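Asks: Dropping the structure in here first, questions after.
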Amino acid sequence: MKTTGLPVWGGDGRREGYHAHLPGVIDFRPAHLSPSSPGVFPRMRRTLPRKNPAPAISPEEEALFRSAVSDVRPLSHDTAAMPTRQPRLPPRRRLHQTPVMSLTEPSETELTEADHLEFRRPGLQPALWRRLRRGEFPIQATLDLHGQTVDEARQRLAMFIRHGVEEGLKCVRVVHGKGYRSPGLAPVLKPRVAYWLSHLGEVTAFISARPADGGTGAVYVLLKRHPHS
């Protein structure tokens, strides 16, 4: 069977050559296009629908608009300064705190009569305990309870310890006195300070100070580290 070649046309309408018909090949050109037509397919264009024209403004509407904007004044500049927002820092998460009123008056059996005070929680590193006992930690703050009543001393002690933890302090000193001037020559604040400190979760350890720092009339207090310090 004799095959007839189809012309191939370039974009400029010139004939570039022939391709022979092969069995099974279908010519997809529209029937109304002849081989002499430049190009292959005509370019299709989409016509967008026209928008409806805006309705005319009546004189009454125009007068109402001019009356509404009569007090408007143009700005001196076309830019507005945006206020700078400072990033909000997350609040410090407080440690598990014992309320001040929970530091109750200990019973007589809970009061120590020891002249030398010491306390440490389980798990404290031996090296830290040795440094505290030797007075090697710098004293970062001191609370003097001389002349305070029991209630005043309890509240001031609790606030002092918690403030120290929130400020990231490591070691503080509490001066409770030796009680030589107390009625019956028995110390009043000293055994209570030891009891209260052992019931404050922010306290890791405490021990009577060295003679240069008050001796048995004061204690070094090692504070728990604040999570954000």
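Asks: For the range 105-223, taking Cα atoms only, what is the radius of gyration to one decimal and the Dmax to the nearest whole Å?
Replies: 13.4, 40
Asks: If each of E62 and T109 carries a label point 7 Å out from its Cα toward its Cβ, how far apart are those two points in nm?
Replies: 10.2
Asks: Considering only DSSP states other than H, G, I, E and B, which chymotrypsin sites (Phe, Trp or Tyr not before Pro) in the range 140-229 qualify as loop sites with at most 11 other Cβ atoms within 10 Å? It would help to have the intermediate numbers written out before the result.
Replies: Working: sites: F160, Y180, Y195, W196, F206, Y220; in loops: Y180.
Here the sparse-neighbourhood loop sites are Y180.
Asks: Would you calculate the separation in nanometres between label points at H146 and A186, each defined as 7 Å from the Cα along the Cα-to-beta-carbon direction?
Replies: Going from the H146 label point to the A186 one covers 2.4 nm.
Read-outs: derived from the displayed coordinates by stated rules, not from any lab. Treat the numbers as computed from the prediction; the structure is a model and nothing was measured. Neighbour counts are summed over all protein chains in view; Cβ atoms, including those assigned to glycine, are modelled from backbone coordinates with ideal geometry.
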